[in-house]
1. With a 1.4 Å probe and all protein chains left in place, how much accessible area per residue does the chain have, in Å²?
2. So which aspartates and glutamates can Lys3 reach, going by Cα to Cα under 13 Å and dropping same-chain residues fewer than 8 places off?
3. Quick one: grab the alpha carbon gyration tensor of region 58-180, order the square roots of its eigenvalues as a ≥ b ≥ c, and give me rounded if a/c is under 1.5, else prolate or oblate depending on whether a/b is larger than b/c.
4. In degrees, nearest 10, range 0 to 90: what is the angle between the Cα axis of helix 227-256 and the longest Cα principal axis of the chain?
5. I'd like the FRET efficiency for Asp62 and Asp168, computed as 1/(1 + (r/R0)^6) with the beta carbon distance as r and R0 of 22 Å, rounded to 0.05.
6. In a GNM of the chain with a 10 Å cut-off on Cα contacts, which of Val242, Val92, Val118 has the highest mean-square fluctuation?
7. From the helices alone, meaning DSSP H stretches of at least four residues, give me the mean residue ellipticity at 222 nm for the chain, per-run term -39500 (n - 2.57), in deg cm²/dmol to the nearest 500.
8. Any chance you could run the full-extension gain for Lys138 through Ala110? It's 0.36 nm times the residue separation minus the Cα-Cα distance, nm to one decimal.
Amino acid sequence: MKKTVSIVIPCYNESEVIDVTVEELLSVTNNIANYQFELIFVNDGSADDTEAKLLVHGKAHDNIRVISFSRNFGHQQAVSAGLDVSTGDAVVLIDADLQDPPKLIEDMIAKWEEGFDVVYGTRSSRDGESKFKLMTAKWFYRLLNYLSEVKIPLDTGDFRLMDRQVVDHLIAMPEKSRFIRGMVSWIGFNQTSINYERSARFAGESKYPLTKMLKFGIDGILSFSVKPLKLSIMMGFACSGVAMLMLLYSVYIRLMTDHWESGWASLLVAILFIGGVQLISIGILGEYIARIYNESKDRPLYIIKKNRDHNNRDNNVDQNNSTVE
Ligand code: UDP
Ligand code: MG
């Protein structure tokens with residue numbers, strides 16, 4: 001029997017690109033012999049006509065499935081939903097904007113057949129991104145790696161193929177702050193990479209504005225490292241050290257010289273400095289507590305809405321998956 005490969009494509013306001021993407025994915029997968037493909041499009045609460053377009057493709061092709069969220073839950077949630085409903089022996093994650101070349105899927109499958117459980121795409125270059133995004137992305141991945149207890153590959157997004165056993169472990173992980181590329185590293189197994197050149201979006205704008213990117217980055221760091229918590233201790237020691245030196249200095253000034261009344265400026269600086277450090281530390285604590293709070297609420301990761309169109313195949317599918325344990 002042919003092996004099945006699922007392809008999960010998160011889509012948020014991708015009306016401009018979605019038709020071309022569907023076409024491209026269909027043509028690429030049709031050219032790969034000996035495998036069956038299942039294309040799972042997750043419409044992450046798009047405000048444009050992405051959903052309508054997807055449903056048309058879903059009707060036209062048996063191997064296209066469409067699930068729609070009740071609102072915009074976010075990229076990582078959309079990917080999680082796709083993984084939850086996927087049935088393939090392997091699952092490929094790919095963006096809807098063709099920044100990651102679908103042609104690479106064939107190479108990923110070849111590596112998978114060699115025995116690798118995870119084959120991820122590493123960006124050797126990135127076209128069409130702003131200098132700011134390139135810089136922040138570069139430093140983010142390096143900082144994350146320094147802070148994280150597991151090694152998370154540099155310059156690697158979610159574009160990857162995963163074997164079924166990895167996907168099952170990923171689905172079973174209950175955390176709500178999902179930073180999937182990190183979680184996959186944490187899971188382990190046999191992982192390898194393929195280098196590729198990431199092209200520019202061929203239409204539409206990035207759906208990751210600065211605020212979303214920041215949230216994503218902070219999620220990545222705080223979900224994979226407790227080092228920021230330890231930072232407060234270091235800052236505490238540093239401040240106490242400086243305070244100690246200042247104490248010695250003022251005693252010296254008082255006893256050994258005549259101009260000891262000066263020094264109010266350093267006092268002010270010291271107070272502001274300690275105040276700042278304390279606020280930062282409380283902020284870091286707060287971020288972790290917010291995450292504990294979110295996890296303890298134990299809400300589902302996303303909600304799938306029922307499709308009102310009764311002719312659609314996927315009408316009642318997946319309702320069991322609308323919540324994730
Ligand atoms: N995306 C999503 N929900 C969101 C934001 C993005 O499903 O809230 C999808 C988007 O449609 C795309 C992928 O996630 O398929 C990556 O987004 P984008 O290309 O905008 O990010 P960038 O490549 O600029 O980092
Ligand atoms: Mg993109």
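1. Numbers: 17400 Å² over 325 residues.
Accessible surface, normalised per residue, equals 54 Å².
2. Glu38, Asp89, Glu113, Asp163
3. Values: a/c = 1.37, a/b = 1.34, b/c = 1.02.
Judged from the Cα gyration tensor, region 58-180 comes out rounded (a/c under 1.5).
4. Helix 227-256 sits roughly 10 degrees off the main axis of the chain.
5. Numbers: r = 25 Å, r/R0 = 1.14.
Given R0 = 22 Å and the Cβ-Cβ separation, E is 0.30.
6. It is Val242.
7. Working: 10 runs with 162 residues, N = 325.
Rounded to the nearest 500, the figure is -16500 deg cm²/dmol.
8. 7.2 nm
The values are calculated or read from the model by the stated rules, or taken from the named source; none is laboratory data. Since this is a predicted model, take the numbers as computed values, not measurements. Counting neighbours? That spans all protein chains shown, and the Cβs are built from the backbone with ideal geometry, glycine included. Note: areas computed on protein heavy atoms with side chains; ligands, DNA, RNA excluded. Shrake-Rupley method; radii C 1.70, N 1.55, O 1.52, S 1.80 Å.
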